[in-house]
């Protein structure tokens, strides 16, 4: 089976106000997952955690919460810290295995950052 | 950790499983070795 990736997923320290999202997430997934999968996962978790009281939640005709229907990998942008205080935006099609090998190269959980996509 | 949230995400017909815990200790293998 594809090898497993452990990652620590935090709000971007510069782009996200701490009232918006304050939660550090401890996540495991398979190495073939892409950055797009990760940002779609985050969008889904945020929509679920916002719950019915979430601003954009509303009931669609089929009863599926509106917020879940609109979940997409475009809502959040994923970053990795390269040098002291520098952040690189990760392309959505990159696999986490590639991110690990190309950017991270450490034997500890991959540390990634997220922020709402700017153009929204 | 007692609670692990399991979520499947599909993009372009590739489905991957995400597992999330509230704490890393007992969940991350690498944190066991510390």
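Under 6 Å between Cβ atoms, at least 6 apart or on separate chains: pull out the pairs that start in the stretch A:16-40 with a residue that is more than 10 Å from chain B (Cβ to nearest Cβ) and end on any residue that is at pLDDT below 95 and part of a strand (DSSP E or B). Pairs found: A:16/A:115; A:21/A:11. With the requirement that a residue be without any contact (Cβ under 8 Å) to a residue 12 or more places away in the chain and in a helix (DSSP H, G or I), what does the stretch A:91-120 give you? Passing the criteria: A:98, A:101, A:102. Yes or no: residue A:47 at pLDDT below 95, within 17 Å of the chain's Cα centre (by Cα) and surrounded by 19 or more Cβ atoms within 10 Å (Cβ to Cβ)? In short, yes.
The values are calculated or read from the model by the stated rules, or taken from the named source; none is laboratory data. Nothing here was measured: the structure is a model prediction, and the numbers come from that model. Cβ atoms come from the backbone with ideal geometry, glycine included; neighbour counts cover every protein chain shown.
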